[in-house]
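The values are calculated or read from the model by the stated rules, or taken from the named source; none is laboratory data. All values derive from a computational prediction rather than experimental measurement. Ideal geometry is used to build each Cβ from the backbone, glycine not excepted, and the neighbour counts take in all protein chains shown. The area values use the complete protein model at the heavy-atom level, side chains included, leaving out ligands, DNA and RNA. Shrake-Rupley method; radii C 1.70, N 1.55, O 1.52, S 1.80 Å.
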Amino acid sequence: MKLLIALALCAGSLCATTISVVPVFEPLSLHGTDVDEAVSETGEALQATVMSRPMALSGAFPETLIEAVRTPHRLPSNDPNYVVDEANLLVLCRIGISAEMDEDGILVQFNVADLAIPQGIDLTVRQVLKLGIVAVRKTVEAYQAPQTDKLKVRVRILGTDEGTDSLRELDCEFEVKGS
């Protein structure tokens, strides 16, 4: 019996996975820098932006891509005065993200149950979520561009309480067209 379990484990580790290098957009804090970014998608000048970075990912696509929007991100710097350990706003503010494909498209859920905006981040939770939604949209657009079909995206805000229930107003739906 132990031999069968060992063989099964070895066989499972020999299975090939596909690793793809893809652009993932992230909502990034610019705290610790001397710039504000005009984020045209939100209509505000903030000390934050949405930018992409290449990532090598495997798993179910586009779900894995969307969940990667919340990957920890330390910005490299050549200046010893820049000592910011984390720039991803979703990580900084403890906002979770999950994605699930179903027959209606993809459901993206931002979870604010553990929300905490740290000192030094001069943004509201609503602004952070809007930037997160922009990052999801841009990530899905980059993924969907070579696809032939369109993809319906539904965004939902979870984990609200009496004080944050108005954040559910940010729930939205949009379609991303393929080529």
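Phi angles across the stretch 85-95 convert, under the Karplus curve 6.51 cos²θ - 1.76 cosθ + 1.60 with θ = phi - 60°, into 3J(HN,Hα) values of 7, 9, 10, 6, 5, 5, 5, 4, 9, 6, 9 Hz, Gly and Pro given as x. Each peptide in 76-87, 22-33, 60-71, 158-169 receives the mean, over its residues, of other Cβ atoms within 10 Å, and ordering these scores from highest gives 22-33, 60-71, 158-169, 76-87. Note on the chain: GNM, Cα springs under 10 Å; of 104, 34, 114, the largest mean-square fluctuation is that of 34. Comparing 134, 125, 35 in a Gaussian network model of the chain, where Cα atoms under 10 Å apart are tied by springs, the biggest mean-square fluctuation is seen for 35.
What's the tally of Lys pairs in the chain whose alpha-carbon atoms lie under 18 angstrom apart, where the two lysines are 8 or more places apart or on different chains? Don't jump to the answer; show the numbers that get you there.
Numbers: 130/138; 138/150; 138/152; 138/177; 150/177; 152/177.
Lysine pairs satisfying the spacing and distance rule in the chain number 6.
Once the Cα atoms are used to define both axes, helix 125-144 deviates from the longest principal axis of the chain by about 40 degrees.
A 1.4 Å probe run over the protein chains yields, for the stretch 89-138, 44 Å² of accessible area per residue, whole-number rounding. With the simple spin-label model, which puts each label point 7 Å out from Cα in the Cβ direction, the residue 45 to residue 116 separation comes to 3.3 nm. Would any residue of the stretch 110-153 have its amide N under 17 Å from a label point 7 Å out along Cα→Cβ of residue 177? List them or say none. Counting only backbone N, you get 138, 140-153.
In this label model, residue 82 and residue 104 are separated by 4.2 nm, measuring between points 7 Å along each Cα→Cβ vector.
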